[in-house]
1. Within the chain, what's the longest stretch lacking GluC sites (Glu not before Pro) that sit in DSSP loops with no more than 16 other Cβ atoms inside 10 Å?
2. Could you work out which residue, out of R279, R258, R118, moves most in a Gaussian network model of the chain, that is, has the largest mean-square fluctuation with Cα springs under 10 Å?
3. Return an integer: the convex hull volume of the alpha-carbon atoms of the chain, in Å³ per residue.
4. Roughly how big is the chain's charge dipole about its Cα centre, with Cβ charges of +1 (Lys, Arg) and -1 (Asp, Glu), in debye to the nearest 20?
5. What percent does the relative contact order of the chain come to when contacts are Cα pairs within less than 8 Å and at least six residues apart?
6. In the chain, what is the count of Lys pairs whose alpha carbons are under 30 Å apart, counting only pairs at least 8 residues apart or on separate chains?
7. Hey, can you list the DSSP H helices of the chain whose Cα span along the axis is 27 Å or longer and whose average Kyte-Doolittle score is at least 0.0?
8. Between P251, P372, P58, which gets the highest mean-square fluctuation from a Gaussian network model of the chain, Cα cutoff 10 Å?
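A short reminder: the numbers here are calculations on the coordinates, not readings from a lab. This is a predicted model, so every value here is computed, not measured. No Cβ is skipped: glycine too gets one built from the backbone with ideal geometry, and neighbour counts run over all protein chains shown.
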Amino acid sequence: MSVSHSAFASRDFRVFLASRLMSALGHQMEVVAIGWLVYSMTESAFALGLIGLASFAPVFLMTIPAGHAADRFDRRLISILCYLAVALGSFGLIVAAIIGKDALYAVYAIAALLGTARAFASPATQALMPSLIKTEALPNAISWGTFAWQTASIVGPALGGALYIFGPAVVFGSGMAMFLGSALCLAALKTRAERKPREPVTLAVALAGFKFIRNNPVIFGAISLDLFAVLLGGAVAMLPIYARDILQTGPWGLGLLRASVSVGAILMAVLLARFPLQRRAGMRMLLAVGVFGLATIGFALSTSLVISLIMLFIMGAADMVSVYVRQTLVQIETPDEMRGRVSAVSTVFIGASNELGEFESGMMAAAFGTVPSVVMGGLGAIGVVLLWAWLFPALRKRDHLITPQS
């Protein structure tokens, strides 16, 4: 089998990939619907930002128990239960959509429930994947896993925007079906992890993931770079405002804007699967985040739908390079018995750069206006790249993603 498809030799990886595709599709559909529903209820950037806060707070609070659970219990079972919980949350969103404005706070509560489920699902599924394939196929599996996520991110927003024409309840019902399908796929996995001696439940054991990352400057630099760059440069939370008030479009236009980010990311994922990074991985990650910041500024200043789509496309492609480098470093250099705790910490960083970034963007937009806040975010992302290149020389000088065996 060719290098670009080496991960597909594993039957369980193919099933796992189908699960990832469905869960991502359901998530992306619902993100569009929740954003449009809340903005239509409130017409408030602050209210949009609160969605991100409600989603991120459980991820932050559950980091330690979620990571410890992923290393102590059956990762497959944890993932199944989490997707069932997300399906239940989708049913709650159906009810909230039918009720209308009076259910605004219920939407925030459900967003918190979904965030809690993702807090446990993310480290469990990330730590599960390496057990399904050979080590040498892991970078390829990461590329295709991201490909599946981004494919769903292209189809999901557009489909969510289109289905929203028939009402938000239709979108949430479709999402619920996707999450149930994802849980069924995980139940069909044949691979079972080897039983390992359970470490005692102590604070030191629970915090081992933080310690491991802190003592590894390359991983720490890569994860924190992604955190601060996307936290500052996160324009995605403001897309409902751009779609309706600046670009003068509707839910379908919002879907196209969200999908454009993923089109760039998915094309880059295919390129990385076919031509994996061989040299200068750290420097290329830094340069990619710099391009992400520049494209964010271009998007912020655009009043043309076409130019906005192009800028978002570039943002998605640049961010994909960062994701590829970070995920590969975390999975390759982390011992299996610690993957759950390390992945949980990584999830907090990435959750902060997305959900907490949405909250930050909402606050900035409410204080300074939508366009100025996104411009400042793009400038901030560029500033972070320059600072990180100085603070983390080990990341800047990192050549190979996987250290060649002598």
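1. On the way: sites that count: E43, E194.
The answer is 195-406.
2. Result for the chain, Cα springs under 10 Å: R279 fluctuates most.
3. Numbers: hull volume 51.6 nm³, N = 406.
Residue-normalised Cα hull volume stands at 127 Å³.
4. On the way: 28 positive and 19 negative charges, 228 e Å.
Computed about the Cα centre, the dipole is about 1100 debye.
5. Numbers: 737 pairs, mean separation 117.4, N = 406.
Once normalised by length, the contact order is 29 percent.
6. Values: K134/K190; K134/K196; K134/K211; K134/K397; K196/K211; K211/K397.
The number of close lysine pairs in the chain is 6.
7. Numbers: long enough: 11-42 (47 Å, 0.62); 75-99 (36 Å, 1.99); 104-128 (36 Å, 1.12); 138-163 (36 Å, 0.76); 168-187 (29 Å, 1.73); 251-274 (34 Å, 1.45); 281-301 (31 Å, 1.80); 305-333 (42 Å, 1.51); 370-391 (31 Å, 1.80).
Sorted by number, the helices that extend far enough and score high enough are 11-42, 75-99, 104-128, 138-163, 168-187, 251-274, 281-301, 305-333, 370-391.
8. In the Gaussian network model the winner is P372.
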